[in-house]
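These notes are about the structure you will find just below.
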Amino acid sequence: MMNFFKLSDISKNTLVGRDVGKETRGKIKSLIEQYSTITIDMENKASLSPSFVDEAIVMLVLEYGKNNFSKYIKLININNGTKSLMNAILHDKLNNKKPNNY
């Protein structure tokens with residue numbers, strides 16, 4: 001059973017914007033329903049917009065909780081810039097601050 005996906009397999013679009021992020025999140029949730037656990041190769045993409053990261057990944061962390069997110073989804077090949085961006089957005093949301101320019 002295949003449960004390994006490249007980010008470009010899940011979202012063929014340019015990885016920017018809330019709409020594309022929401023669509024990608026929906027696809028990720030469908031994959032989780034189908035496979036229980038999935039691995040997503042982020043392909044060291046550096047061109048992810050903050051709004052895409054917020055909608056596609058951070059919202060899943062908030063929905064599932066950090067621990068459950070890690071049970072369902074494994075992210076690999078994340079460049080440091082994307083990892084820092086994800087952490088900053090998550091930190092802002094958890095502290096109920098309005099994110100800056102997301």
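Each reported figure results from applying straightforward, stated rules to the coordinates on display, with no laboratory input. Computed from a predicted model, the values in this text were never measured in an experiment. Please note: Cβ atoms are built from the backbone with ideal geometry, for glycine as well, and neighbour counts cover all protein chains shown.
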Please give the number of the condition residue 15 fails out of (1) within 18 Å of residue 86 (Cα to Cα); (2) in contact with a strand residue (DSSP E or B) (Cβ under 6 Å, 6 or more places away or on another chain). (2)
Determine which member of the set 70, 49 is hydroxyl-bearing (Ser, Thr, Tyr) and closer than 17 Å to residue 8 by Cβ. 49
For the stretch 65-97, how many residues meet the condition of being among the aliphatic types (A, V, I, L, M) and within 14 Å of residue 44 (Cα to Cα)? 5
